[in-house]
Amino acid sequence: MAKTLLPVLENSLEYIVALNESGEVVYANQSTYINLGYDFKEQVVTIYDLMRKDEELAQKILSTTADLEMVTFNLYRKNGTLFPTVGRISVNQETLFPEAKIWMFLLNASDRVDKEKIMAQAKAEMEDVAKSRTEFVANITHELRTPVNGILGHAKTLKDAIENPSQRRV
């Protein structure tokens, strides 16, 4: 059964990486080869190559004894560019690759991060519009209230003059 899983792993759109105890990549599927640019069969690639700036998390992954759900971190391509990933880290329970201690099942989260940035920008723009609207309404209310109060004052004076016979000549 283990050998029948290999084609499934190879054709997965996820990045699937298996690491040995020292953090060396012992298996990477086709998506990982294509997107990261490393030749895992011809050169030794480690988790520290894949996670260049985050050695602390790399060490945590290597020392884990339990599965980690929804781990988010940056992966580095061979050319030095990076992209955010989200995925699951699993401690090896199978014997598909006996030397594999840790399995990483990762998805490229660039789209999600881009959408979060767009949403944050839209929220900031909406807050600016709401603030501008509030300021506009406050200013207009003040601008209208001042002359209206003057007109109301004059109207009251005229009304009082009409109602008071001693001031009718005004």
Surface share of carbon and sulfur [accessible, 1.4 angstrom probe, percent] for the range 1-134: 55 percent
Charge context of residue 68, other residues only, Cβ under 10 angstrom, K/R +1, D/E -1: 0
Of the trypsin sites (Lys or Arg not before Pro) in the range 1-86, which ones lie in a loop per DSSP and count no more than 16 other C-beta atoms within 10 Å? 41, 52, 53, 77, 78
14 Å beta-carbon shell around residue 23, net charge (K/R +1, D/E -1): -4
Given 10 Å bins starting at zero, what is the percent of C-alpha pairs of the chain in each, up to the one with the largest pair distance? 9, 26, 18, 8, 7, 6, 6, 6, 6, 5, 2, 0
Can you grab the distance from the C-alpha centre of the range 143-160 to the C-alpha centre of the range 1-46, Å, no decimals? 82 Å
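The values are calculated or read from the model by the stated rules, or taken from the named source; none is laboratory data. None of these values were measured; they are calculated from a predicted model. Virtual Cβ from ideal backbone geometry, glycine too; neighbours counted across all protein chains shown. In case anyone asks, the SASA skips ligands and DNA or RNA and just uses the protein heavy atoms, side chains included. Shrake-Rupley method; radii C 1.70, N 1.55, O 1.52, S 1.80 Å.
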